[in-house]
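What follows draws every value from the coordinates through simple rules; no lab data is involved. Just so you know, these numbers come straight off a predicted model, no measurement behind them. Cβ coordinates were reconstructed from backbone atoms using ideal geometry, including for glycine residues, and neighbour counts include every protein chain displayed.
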Amino acid sequence: MNQAHATIRYTTEIREDTGLYNGKLGMWLFLASEVMLFGALFSAYVFLRLSARDGEWPHGLLNIPIGAFNTLVLITSSLTVALSWTSLKMGDFQRYRRFQFVTLGCATAFLGIKSWEYYDKFNHYEVWLEKPVTAKEHPQLAGHSTDPDAPIASIIGHVEGARPFTTLASLEEAGATTVTIHPDKFHYRLSARQQAERRKAERSGEAETARIAAESHEGVSFDVSQIDRLSAFVPRHGTFFANYFTLTGLHALHVIGGILAFAFLLWPGARMWRDDPERYTNRVEVTGLFWHFIDLVWIFLFPILYLL
Amino acid sequence: MSSEGPAHTLPTPSAPTVDLHHVQLEQRRFLTVYAVLIFGTVLTVAMYYVHFEEMWQTVAVALLIAAVKGAFVAAVFMHLWHGERDVHKILLYTGVVVAALFGLSIFSIFNIPGSGHLLR
């Protein structure tokens, strides 16, 4: 093998036929495949959402302020990636490093917040009853319906003694004869609009039922035989959470991949800056393209999962 | 392989041609887009709490804002605005596939009775 063949070409110089250096072409082809991967999952989600009957799709199970904050964290990391690249263009490696430290900080914060959200979901339960009850019978459930006589088929809240992924079978195995639930103030079968109105009424102290629910920290107990099924907010809970964990989980894997790539460029891969600064700058550019793509996916995930 | 004259000749390695003014202009553009993205996020959340008469209106506006935000990220952060022709071509083909995928969701109107109400 002669020396000319051992040299990788088009790492910095533009190829005439494509008008790109090879790294960039490769990254764009990869991103095209990523668009189709996420596109398939998004379209599956939209399909399932459109197929849901009225009132069956959960509202208000995700924490919107937390999700919005995480959006800002990821957008900020996208900016620092872009600025780190311009720093290299100006030949300022130290400035590049400072921006990339912020990027890694934001990326880690994003994953930390997401983990906290996951943990919160793992400990939140829905309990489906064999026979519906009413808020009249159990005042603690006032937040679950707008009408005290309306049947309530399932209760959401925290289950005493349950750990993540507890099932009815595992509770029975552990010798439980009753299940005590500390109900949430709102049930997802109330529309987002109803929930917002009740929150407002609750704040101004107008709504009697909502006030009772808010003040009641008592649990409501049921015999095991009265319960049909119970599940934490994990994929087995239903369609919504199965989609939520698939989409956010895949996205989080991409964030981890981005962190590894940036960390490589920042530490072991940084030697290239001395030997071939232009090639190094291009590596940062294409990794940045990947990172902006992750940001782009989240920009769509946030409204679709948290607001739809 | 045929030898069609000299292959792509390796250009002499040029020193990074830094057009400082150009880079600074780019940085200002990044900061502007950042401000737009922050504004879009705040608007999305604020709108959700104010919300319109109908749920679908809220969702439509939220998705519209997301699309605008996404367009800014793609155009400026990912340099598609001044991007290379071949990248645009790749993305055009990709867009066709993705549009087809989303088109499939129209079939939800044939799903379980009483479903697909958002499309009617």
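Considering every residue in A:81-91, what mean count of other chain Cβ atoms within 10 Å of its Cβ is obtained? Each step should come with its number before you reach the end.
On the way: counts 2, 12, 5, 0, 6, 8, 2, 2, 10, 6, 4.
The mean count of partner-chain Cβ atoms within 10 Å per residue comes to 5.
Compare the Cα positions of B:PHE77, B:LEU64, A:ALA174 along the charge dipole of the protein assembly as shown (+1 at Cβ of Lys, Arg; -1 at Cβ of Asp, Glu; about the Cα centre) and return the one farthest towards the positive end. Final value for the positive-end residue is B:PHE77. Net charge dipole, the protein assembly as shown: roughly 1000 debye, given to the nearest 20, about the Cα centre with Cβ charges of +1 for Lys and Arg and -1 for Asp and Glu. When Rg and the Kirkwood Rh are both derived from Cα coordinates, the Rg/Rh ratio for region A:1-67 amounts to 1.36. In the protein assembly as shown, taking the dipole from charged Cβ atoms about the Cα centre, the farthest positive-side position among B:TYR49, A:VAL297, A:PRO58 is held by A:VAL297.
For a quick check: sort A:THR281, A:THR134 by the number of other beta carbons within 10 angstrom, fewest at the front.
Details: A:THR281 20, A:THR134 15.
Ranked by crowding around the Cβ, least crowded first: A:THR134, A:THR281.
Which of A:LYS24/B:LYS89; A:LYS121/A:LYS185; A:LYS131/A:LYS200 have a Cα-Cα distance over 20 Å? Cα-Cα > 20 Å for A:LYS131/A:LYS200; rest within. For chain A, complete DSSP H runs whose alpha carbons reach 30 Å or more along their own long axis and whose mean Kyte-Doolittle score is 0.0 or higher are A:22-51, A:64-89, A:239-266, A:277-301. Across the protein assembly as shown, the fraction of Cα-Cα pairs farther apart than 29 Å, rounded to a whole number, is 55%.
Entry for region A:60-162 at q = 0.12, 0.18, 0.21 Å⁻¹: log10 I(q)/I(0) = -0.61, -0.89, -1.02, Debye formula applied to identical alpha-carbon scatterers, no solvent contribution. Fewest neighbouring Cβ atoms within 10 Å first, the residues B:ASP86, A:ASP295, A:ASP275, A:ASP120 line up as A:ASP275, A:ASP120, B:ASP86, A:ASP295. Ranked for footprinting exposure by Cβ neighbours inside 10 Å, fewest first, B:VAL23, B:VAL76, A:VAL179, B:VAL96 give B:VAL96, B:VAL23, B:VAL76, A:VAL179.
When its C-alpha radius of gyration is set against 2.2 N^0.38 Å (N residues), region A:163-308 gives a value of 1.65. May I ask you to derive the relative contact order of chain A, considering only C-alpha pairs under 8 Å and at least 6 residues apart, and to give it as an integer percent? Dividing the mean separation by the residue count of chain A yields 24 percent.
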